[in-house]
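Novice: My questions will all concern the structure given below.
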Amino acid sequence: MAVLMLVIGMALVLCFCSALLRWNEVRYRKKGLPPGTMGWPVFGETTEFLKQGPNFMKNQRARYGSFFKSHILGCPTIVSMDPEINRYILMNEAKGLVPGYPQSMLDILGKCNIAAVHGSTHKYMRGALLALISPTMIRDQLLPKIDEFMRSHLSSWDNQIINIQEKTKEMALLSSLKQIAGIESSSISQPFMTEFFKLVLGTLSLPIDLPGTNYRRGFQARKNIVSMLRQLIDARKASQETHQDMLGCLMRSDENRYQLTDEEIIDQIITLLYSGYETVSTTSMMAVKYLHDHPRVLQELRKEHLDIRARKRPEDPIGWNDIKSMKFTRAVIYETSRLATIVNGVLRKTTKDMELNGFVIPEGWRIYVYTREINYDPFLYPDPFTFNPWRWMDKSLDSQSYFFIFGGGSRQCPGKELGIAEISTFLHYLVTRYRWEEIGGDRLMKFPRVEAPNGLHIRVSSY
């Protein structure tokens, strides 16, 4: 009898689940929508998307084509894997499309962050951001700080076993913090780093505000970071000293045509730290791995940097002209970003019903511009799974319509050149000082973010 009741119970559960899935599909079966599946109510297909990643996308494309509907990260979403449609979406933000980042990211990064605003506000905030990271600012103020930091950060690696993932994460955050807060960054770096890592995890979570969730921890970390930055701003206002760093530039209202409130300044700082952290740290880590695995590339890169070093005294820093001369280094960075796919795509949201690719996308839906597969298209990149920086020595390649490694349209990454300068300086001191070998056995994940769950360990020795 008990077995019979169990069988009946399981049958009822299966019937209920089947009915629930069916109801959710019917709910989104609006005229004009592209084909696809919607999964469960509320959760949609988020679990499958995060677990299967690229395979989920490939399977859906095989069934429905390169333009299909789904429900991921808490929102009904159209996924576009078509390069031409993706370019149109990125280049036409004003025509019914605005940033569509997950609610958890918007909550934790702040309502004034550059990813959350659009129209004239986005133009203004982007202008304020670009003023901080212009070529002149990088050359005169930021690069000297980057060089000083990298020399120190890599100074004691000789004869050590290094977790390069941990070290590049620290490098990306602490280098940016030094550029933002100058000498005062050292006093807040450790507590800031602890809270910042929680903030990052919270931005890619479901916005469920319950104790123990990544969202709750991330939101609390934001509050603690805001408190630290507010104390720093208040202390500077009280001292009335002039500071030659990003925060000083933002606070000098008499010299800065972009007048920001304290809240806007804090959100700009968090945006600067967040946007640069993931790309700089992960690209640096993966460059170290790819260089280890491809000795000929490492030899060519090391030659470029030893030639630069030969023209300098040991104490001379890397300058802006040095960075601009690092052609092969830039090619290594581009190829690392392409092959590792540090950024899988970007999200947009419709502000009205709009027609796209022959379908009608309802107001409020997300459009996921999924660019990952473009990086492995053999028609665009011959032998796409081979690490080949020489392909980027053709200068026209990064101007092609399918080049989305650094975003596109009005949302192209404003910190691209600063990020390249940071990674280039890191690689300079790494390859001119050290050689390294992997310990082995470390596992790499490529989705939803590139990471080594147990770290990526290398044994370092003098060059």
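The values are calculated or read from the model by the stated rules, or taken from the named source; none is laboratory data. Here the structure is a predicted model, which is why all the values come from computation and not from measurement. Note that each Cβ is placed from the backbone with ideal geometry, even for glycine, and that neighbours are counted across all protein chains shown. Quick note on the areas: whole protein, heavy atoms, side chains included, nothing else; ligands and nucleic acids left out. Shrake-Rupley method; radii C 1.70, N 1.55, O 1.52, S 1.80 Å.
Novice: Would you kindly state how much longer the chain becomes between Lys327 and Thr432 on full extension, computed as 0.36 nm times their sequence separation minus their alpha carbon distance, in nm to one decimal? Please report the intermediate quantities before stating the final value.
Specialist: Details: separation 105, 0.36 × 105 = 37.80 nm, distance 1.67 nm.
Stretched out fully, the Lys327 to Thr432 stretch lengthens by 36.1 nm.
Novice: Something else about it: Counting DSSP beta bridges with both partners in region 75-434, what percentage is antiparallel, nearest 5?
Specialist: Of those bridges, close to 75 percent are antiparallel.
Novice: While we're looking at this one, here's another question. Kindly report the accessible area of region 75-434 per residue (heavy atoms of protein chains, probe 1.4 Å, no ligands, DNA or RNA), in Å².
Specialist: Details: 15170 Å² over 360 residues.
Normalised by residue count, the accessible surface of region 75-434 is 42 Å².
Novice: Helix 214-239 sits at what angle to the longest principal axis of the chain, using alpha carbons and giving 0 to 90 degrees rounded to 10?
Specialist: Its long axis makes an angle of about 30 degrees.
Novice: While we're looking at this one, here's another question. Over the alpha-carbon set of the chain, divide Rg by the Kirkwood Rh and report the Rg/Rh ratio to two decimals. Don't skip to the end; give the middle numbers.
Specialist: Working: Rg = 23.8 Å, Rh = 24.0 Å.
The Rg/Rh ratio comes out at 0.99.
Novice: Here is a follow-up. Can you give me the convex hull volume of the Cα atoms of region 133-202, divided per residue and expressed in Å³?
Specialist: Numbers: hull volume 7.5 nm³, N = 70.
Here the figure is 108 Å³ per residue.
Novice: Where nothing but the Cβ of Lys and Arg (+1) and of Asp and Glu (-1) is charged, how large is the charge dipole of the chain around its Cα centre, in debye to the nearest 20? Present the calculation step by step, with values, prior to reporting the outcome.
Specialist: Working: 58 positive and 48 negative charges, 170 e Å.
Once rounded to the nearest 20, the dipole reads 820 debye.
Novice: Compare the Cα positions of Pro378, Thr194, Ser80 along the charge dipole of region 75-434 (+1 at Cβ of Lys, Arg; -1 at Cβ of Asp, Glu; about the Cα centre) and return the one farthest towards the positive end.
Specialist: Positive-most Cα among the choices belongs to Pro378.
Novice: Ala310 to Tyr463: extension gain in nm, 0.36 nm per residue of separation minus the Cα-Cα distance? All intermediate terms of the calculation are to be shown ahead of the outcome.
Specialist: Numbers: separation 153, 0.36 × 153 = 55.08 nm, distance 1.49 nm.
Length gained between Ala310 and Tyr463: 53.6 nm.
Novice: If you look at just the Cα atoms of region 110-166, how large are its Rg and its Dmax in Å?
Specialist: Considering region 110-166 through its Cα atoms, Rg and Dmax are 17.6, 53 Å.
Novice: Ok, one more. Give a quick list of trypsin sites (Lys or Arg not before Pro) in region 249-330 that DSSP marks as loop, anything other than H, G, I, E or B, with at most 10 other Cβ atoms within 10 Å. Walk me through the numbers on the way to the answer.
Specialist: Values: sites: Arg252, Arg257, Lys289, Arg296, Arg302, Lys303, Arg309, Arg311, Lys312, Lys324, Lys327, Arg330; in loops: Arg252, Arg257, Arg311, Lys312.
In loop regions of region 249-330 (DSSP not H, G, I, E or B), the sparsely surrounded trypsin sites (Lys or Arg not before Pro) are Arg257, Arg311.
Novice: Taking the Kirkwood radius as the inverse of the mean 1/r across Cα pairs, report the Rg/Rh of region 214-298. Walk me through the numbers on the way to the answer.
Specialist: Details: Rg = 18.2 Å, Rh = 15.7 Å.
Answer for region 214-298: 1.16.
Novice: A follow-up question, please. Could you tell me which residue out of Ile138, Trp320, Thr341 lies farthest along the dipole of the chain toward its positive end? Charges go on the beta carbon: Lys and Arg +1, Asp and Glu -1, centred on the Cα centre.
Specialist: Looking along the dipole axis, the top candidate is Thr341.
Novice: Treating the angle as unsigned and between 0 and 90°, give the value, to the nearest 10°, between the Cα long axis of helix 327-340 and the longest Cα principal axis of the chain.
Specialist: Helix 327-340 sits at roughly 20 degrees to that axis.
Novice: Could you list the trypsin sites (Lys or Arg not before Pro) in region 97-151 that lie in coil according to DSSP, counting only those with at most 16 other Cβ atoms within 10 Å of their Cβ? Intermediate results must be reported in sequence, preceding the final value.
Specialist: On the way: sites: Lys111, Lys123, Arg126, Arg139, Lys145, Arg151; in loops: Lys111.
Hits after loop and neighbour filter: Lys111.
Novice: Report, to the nearest whole %, how much of the accessible area of region 75-434 belongs to carbon and sulfur atoms, 1.4 Å probe, protein only. All intermediate terms of the calculation are to be shown ahead of the outcome.
Specialist: Numbers: 7880 of 15170 Å².
C and S fraction of accessible area: 52 percent.
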